[in-house]
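The values are calculated or read from the model by the stated rules, or taken from the named source; none is laboratory data. For clarity, every value in this text was computed on a predicted model and none was experimentally measured. Glycine gets a Cβ as well: all are built from the backbone with ideal geometry, and neighbour counts include every protein chain shown.
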Protein chains: 6
Amino acid sequence: MRDVLAVGAHPDDIELGCGATLLAHHAAGDRVTMLVLTGGENGPGDERGQVSRRRQEQQRAARTLGAELRWGGLRDCTVVPDSATIGIIEAALRATGADLVYVHAPDDSHQDHRAVSAATLSAARRLSRVMHYQSPSTLTFTPTVFVDVTAHLSGKLAALGAHASQVEMSAMVEPDAVVASARHWGAQARIGYAEAFAPTRMVLDLVPAPRPAGLAAVDADLVAAHRLSSLIAVPSAVPVAAG
Amino acid sequence: MRDVLAVGAHPDDIELGCGATLLAHHAAGDRVTMLVLTGGENGPGDERGQVSRRRQEQQRAARTLGAELRWGGLRDCTVVPDSATIGIIEAALRATGADLVYVHAPDDSHQDHRAVSAATLSAARRLSRVMHYQSPSTLTFTPTVFVDVTAHLSGKLAALGAHASQVEMSAMVEPDAVVASARHWGAQARIGYAEAFAPTRMVLDLVPAPRPAGLAAVDADLVAAHRLSSLIAVPSAVPVAAG
Amino acid sequence: MRDVLAVGAHPDDIELGCGATLLAHHAAGDRVTMLVLTGGENGPGDERGQVSRRRQEQQRAARTLGAELRWGGLRDCTVVPDSATIGIIEAALRATGADLVYVHAPDDSHQDHRAVSAATLSAARRLSRVMHYQSPSTLTFTPTVFVDVTAHLSGKLAALGAHASQVEMSAMVEPDAVVASARHWGAQARIGYAEAFAPTRMVLDLVPAPRPAGLAAVDADLVAAHRLSSLIAVPSAVPVAAG
Amino acid sequence: MRDVLAVGAHPDDIELGCGATLLAHHAAGDRVTMLVLTGGENGPGDERGQVSRRRQEQQRAARTLGAELRWGGLRDCTVVPDSATIGIIEAALRATGADLVYVHAPDDSHQDHRAVSAATLSAARRLSRVMHYQSPSTLTFTPTVFVDVTAHLSGKLAALGAHASQVEMSAMVEPDAVVASARHWGAQARIGYAEAFAPTRMVLDLVPAPRPAGLAAVDADLVAAHRLSSLIAVPSAVPVAAG
Amino acid sequence: MRDVLAVGAHPDDIELGCGATLLAHHAAGDRVTMLVLTGGENGPGDERGQVSRRRQEQQRAARTLGAELRWGGLRDCTVVPDSATIGIIEAALRATGADLVYVHAPDDSHQDHRAVSAATLSAARRLSRVMHYQSPSTLTFTPTVFVDVTAHLSGKLAALGAHASQVEMSAMVEPDAVVASARHWGAQARIGYAEAFAPTRMVLDLVPAPRPAGLAAVDADLVAAHRLSSLIAVPSAVPVAAG
Amino acid sequence: MRDVLAVGAHPDDIELGCGATLLAHHAAGDRVTMLVLTGGENGPGDERGQVSRRRQEQQRAARTLGAELRWGGLRDCTVVPDSATIGIIEAALRATGADLVYVHAPDDSHQDHRAVSAATLSAARRLSRVMHYQSPSTLTFTPTVFVDVTAHLSGKLAALGAHASQVEMSAMVEPDAVVASARHWGAQARIGYAEAFAPTRMVLDLVPAPRPAGLAAVDADLVAAHRLSSLIAVPSAVPVAAG
C-alpha cells in the first residue's frame, strides 16, 4: 500500500490533471489525499455564495475519487511559492506520510499553478517520486510516463461533474477535450486511454510496494532487507592532492 | 511476473547501462533476457581468440544477472538501423513476449549505440514501456526515472568483472566511475545508489504486474478486468462540417 | 494563391499528418501536391496484389483532398536520406514551385519517416517555410503552430477511409485517435479541432498571398459556415468501467 | 483586417523586439496597439525630467509605427506577474479586441521582462496567437517563426531613433546590432532581413483575414517594391584589425 | 590574473557548487570573492547561537579556498530577485571588478537558489562570463563546460568540513555524494574529477589573461604534481547487499 | 601552446564556422590543422576543372588562417559516419596530437555535415574538448561559448574570399550575413564580434596552457591593439525601402 498526495491550486485542478490515476491508486489499495490550496474564491462568476458551493463540490469530487480532502486555506490568484505555502504542503506530506506526489507542471500560464508547482517541488525536496500533470493552461509539457486510465475515465468525468459551478461556466474545462486528451495520450502510450505525466524524478518499484495484509508478506521482508543495507558501505576514500 | 528485454550493441553494454536493474527484476521474480547485437569482434586488442573469449565472458555475465542471453549476430562497428537489424530485435520481442525494454539512449557518440537505439525504437513501436540507459559514450541524457540499485550494485560489478578482457583494456569502463555514477544518480533520486533511465514511454503499473503463483491471484483478476474493458466504448461521433 | 507540397514516406502518412490542413489550403485556393516516396510495398499483409491496391487507394485519397499526387518510386522500409532521395524531392519542389512544405517530424521511430524528414530538410534548404507534422510513430513533438481544421476533419477521415487496406489492418491508424488528437491540439490552440505543426522555419505572410479573383467572397461564407458548425457534434460516448 | 497588441515592459522594448513587424501589420491594413507597462522611470540617467521626456519619445515612436499607444502605469523594475498586472493586460485585450499578441520571451535576465511575459501569457490564456520576441537581455531563444522585415527595417530604426535619451545612453541598444540580428535571422529564414519569433501558440490563417476594400491592389505594389529593394544596400563596412 | 565572483544563497552553497574550481582559480593566481546572500538563519536546527556559528564556519571555509568573503545580509528563505537583491550583487561586481561569475543553476527546487540565480543574471547582464553550478536541489542541469578539479577535491572537502553544523545535520550534503558527482562529471569530461558548469555565456580566452610575474613556473610544477596524483586513490569500497 | 583540429565536410565550411577563431588560436601561438573531408566535387557549377580549383582555393584559405591543411579524400554528398570516416578523423587526431576539436553542429540539414559531426564525436570520444560551430544549413543551435573575433573578422573574410568559385556561386555564403552573425553573437556575448560555439564538452584551462617563450609580450600588445579597433567600423548602411 502506498500513500499518495495530489496537490492542486484550485478546486477541480487535481481531477482534471490526474483524477483517473487517483482512482487507479484507490483501486490498487493505495491511500489517496488531495490538497487543494485555494478555496477557488475567484473562479468564474464568483460571489459570496459561490465559495461554500465550490468547497462542497470539491468535497463531493474527493469522495468520488475515494480520496481524503485537505484545504490549504490560500486565496485564489494570490499564491506565491514562499515559505508559508511550502509549509502548508510540508504539513500535508508529514500528515499523510506520502511518498508519491502529483502536482501541476511547472510551465503554466496561470500564476497559481506555477506557484503551487514550485512550492511542491520545495516541500517534496527529499521525496523520490514527484510527477507533474497537465492542466488546460499548461504550456510546454512533454510527458514520458503514463497511467492506463481506460477503466477509470468515467469515474474521472463523474468527479469533474461534481464541480458543476465550474464546468458550466469555464471555457477551459470541456469534457470532450478531457476525453480527447486521454485518448491522445493513450495512443502515445500504446494503450487505450491514459493520463500523462512528466516526472521530476520517479523511482520505480520493481519489487512492488507492500500490499494490504496477507497478500505480500514475503515481499515486505525482501524490501525491508534491501532498504536496510542501503547506505552501509559508501565509498569513503577520496584522492588527496599534493599539498 | 514481467518479461523484460535488455538490448545492447556490444558485450558489457547492457551490464554497464542497467545491470543492477536487471538484477532487481530477477529478484522481483521477472524473467530477464539480454540481446547482444554484436559479438564484440572489434573490441580493444581484438584478434581471433578474443571473440570466443568475449562471448564466454558475456555468457558468464548473463548468468551472474540471472538472465537468458541471445546474440544478434551482427558485426561490431557496422550496425545500421535497417530492416534486418529491426527484424532481429522484433524476433527477440516475439520470442520473449517482453513488455518492457531497456536499450541505449539515442544520443550517443558510438555509431552502433545510436543504431541499436533507433532499431529498438522501431521494433518496439507498439510496446508501452521503452527505457533508455546511459553508456560512457552517451551524449545528452536527462533521466527522470530511477531504480534503487543499492542492493544490487555489487552484483553489477560482478557481472562487469566477468568481462575481464574488456575491463582490463578499455579506458571507458572504469569501475570507480560506475559506482560514482550510481551514487550521483542516487542522490538525484533521493536514495542511496540508482541506475538512471530516460523513458521514451513508460506505462506505470499502479496495480502491480501479477507475481508468481499464489501471491496475487486477486490482483490478476483485477488487472484482467481492467484490460478487457479497455477499448470497448471509444468515442465514435465526429463532427461533420457543412458539405 | 500558394503552391504547397506535402511529403510523406508511405501511403496515408500525409493524410494522417496534415490531411485536413491540405483541405484547408485547397479551400483557400492554394495548389496542393502530395509526394509519396514509397509505394507502400511492405505495409501490413503485403503481397503482390496489395501494392497496386494501395496505390489506387492513395490516388483516391489525393482526389478527396483536392491534391495532385506524385510518387517517389522508392521501396518501403529502405529509404535513406542520400542524394538520390533528396533529388526526388528537389524535383518535386521544382516541378510544383512550392514555397511551403509539410513533412514528417524528424524524431520518429520509423526509419523511413526519419529519412524522409531529413531528406526533405536538405531538398528544401533554401525554402522559407518547412513545417513538420506528427505521425503515430513520432517521438518527441512540441508543436507551436496550428491550423484550425474544424471544418475539414470529416474530409480528413474520408481521405483516410480511402486507405481501406491499411486502416483495417494496422493497429497504428485508429480513427478515434485521429479525432482525439485533433481535439487535443485544438484545445492547446484554443480552437475546436486542430492539426499541429512544429516548424523548422515559417515565414508568415502579414500581407496575404494574392488570391485568384472571385474566390474571396465564397471563402468568407465558407469560413463562417464552418465556424458555426464547429462544436456541435463532439464525441460524447465515454467508456464505462465495470463496477 | 486584424487587431494586434504588442506588449512591452519599458519604452523602446516593443520597437526593439518587433517594431518592423508592427510596421508590416500596419502596411497590411491591421490595427496595431502598443501597451507599455512602465513609464521607464528607472532608465539610465533617470531624473525627474526624464520620465516625461521618455513618455514623449514613446509617443513619437508609436506614431512612427502607425500604432496606438497605451500605458500600463506600472513602475520600472517593480513589475510582478500578479493579478493587477494581468488585469491591465486583460483590459488592453478587451479594449482592442486583439487576437494576436506580441510580447517578451519568457527567459530573460530582466525581471520586468520575465514578469510581463508571464502576465501576458495569463491574460491571453484564451487567445490562439501569442508570439514572443527577443530583447537584448533575452536568454534562451530558439525562434521558428519569422516575418520578412526587409521593407521595414529603416522604419524600425526610425522608431528606435525616437527614443533618443535611451539609445544615446544605454549600451544594450546598439543600432548596428539591431541590423545585424535582423540579417542573422533573415539568413535563418532564407530571406533578406527578418524579425524572429518563438510562438507559444500560433494559429495560421490559410484563408486570410478579410481585408478592408481598396487596400489589396496598393499592397501588392508595395510588396513588389519592397522585394526589389531588399538586398541592394547590405552593410559592407567590416572592421579591419591592425595588420 | 582574473577577478572571479562566486555567488550563493546560503553558507556552503558555493563550496558545494564550485569550491574546487575556486581553489583552481586561486592556484592560477586569480582573485576570488565569495558573496553569500543570506546568513543561513534558517538552516537545520537553527537557533540564536547558530547564526554566528554558521557565519564563522563560512569565514573559515572562505579562508580554506583562498577567497575573500562578502555577506549579502538577506534572510534565509525570503530571497526574491528584486531590485534590492540585484543591487547587492551589482555592488559586489563593482567592488571586485569581476569579469567571471559563478552562481546557482536557474532551475532549482529551493526558492532562494532560483532567486539568487535570477538576480545574478540581472546584475551580470553586461558581463561576458556567467557560469551556473549544480546544487543538491538543482533540477534540470545539462553541463557542457568542466573544470578539472582532481588536484582540488580534497581542498573542497576541507572547505565543506568547515561547515560542521550544516554537514552533520543536513541529509542534502553528503560528502560521498560530492565525491561521486565529481567523478561522474569527470568521466563525462574524460578526465579524473570535475566540477560541471552550464554557462549562460562564456567567452573563452584563447590569448590567456596576463599572469602576475613569477607565478607561471610554480604553477607548472603544481599542475604536474596534481596530474600525477589524480587517479591513485579512487573509491574502492562498494556496498555488498545481503545475500 | 595548444594543438587544435578543425574538421569540416567541404571546402569553406571550416572558414565559415570558425575561421576567425582559428586565427585567434594562431595569434595565441597554437598549432592549427584543418581537416576537409571531401574535395568539394559536387559544389555548385561543378565540372572537372572545378575540383582542382577548389582544392587550390582551400589551400590558399588555410594559409590565410595560418593553418596546416589535411584532406579526407571522401566524395561530396556521400559522407556517412561509418568506421572508415571515423578512421580518417582518428588519424588526423593522432597525427596532430590535438586536444581541442571544432566541428559542425550535429543538427544540420546537409547530410554530409551531420555525418562529419557524428563521425568526429566518435573519433574524439576520449577528448575533453569538442566544440560545434554553426553553418548556414545548421538547424537548432543554442551556443553558450563564444570567442571574441573582433580582431580577426577581416581575416576570416579574407579566408572566405579565397574560395572565389564557391562564394560567387552559392546563395548560402553571403559575406554580409557572415558579418551580421558575428555581430549578433557578439551582442549575445556582450562583446563586439564573436564566433559562437555549442560544446559537447569543454574542459577549461584555469591554469593556461604553457606558452612558447617570447610570445607573451607580443600577444599582450596585439590584444590591446585589437580591442581598440574593435568597434570603430561598424556596418552603418541599412536598406531603405521605397517610401
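The table below gives the values:
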| read-out | value |
| --- | --- |
| Flag for A:S117 being touching a His at 6+ places or on another chain (Cβ under 8 Å) and either surrounded by fewer than 23 Cβ atoms within 10 Å (Cβ to Cβ) or of a type in the set (D, E) (or both) | no |
| Segment E:78-108, residues that are more than 18 Å from the chain's Cα centre (by Cα) and either buried (at least 18 other Cβ atoms within 10 Å of the Cβ) or aliphatic (A, V, I, L, M) (or both) | E:V79, E:V80, E:P81, E:A84, E:T85, E:I86, E:I88, E:A91, E:A95 |
| Selection status of E:A151, modelled with pLDDT of 95 or more, crowded, with 24+ Cβ neighbours inside 10 Å and within 14 Å of the chain's Cα centre (by Cα) | no |
| Enumeration of residues in segment F:116-130 that are in contact (Cβ under 8 Å) with a residue 12 or more places away in the chain and either among the aliphatic types (A, V, I, L, M) or at the interface with another protein chain (Cβ under 7 Å from one of its Cβ atoms) (or both) | F:V116, F:A118, F:A119, F:L121, F:S122, F:A123, F:A124, F:L127, F:S128, F:V130 |
| Subset tally (residues that are of a type in the set (D, E) and within 12 Å of B:D112 (Cα to Cα)) for segment B:61-81 | 1 |
| Among the candidates C:D176, C:D148, residue that is of a type outside the set (V, I, T) and farther than 30 Å from D:T150 by Cα | C:D176 |
| Segment D:59-104, residues that are among the β-branched types (V, I, T) and either at pLDDT below 95 or closer than 29 Å to D:T140 by Cβ (or both) | D:T78, D:V79, D:V80, D:T85, D:I86, D:I88, D:I89, D:V101, D:V103 |
| Selection count where residues are surrounded by 23 or more Cβ atoms within 10 Å (Cβ to Cβ), of a type in the set (A, V, I, L, M, F, W, C) and not in a strand (DSSP E or B), scope segment E:1-27 | 8 |
| Which numbered condition E:S181 misses (of (1) at pLDDT below 95; (2) buried (at least 24 other Cβ atoms within 10 Å of the Cβ)) | (1) |
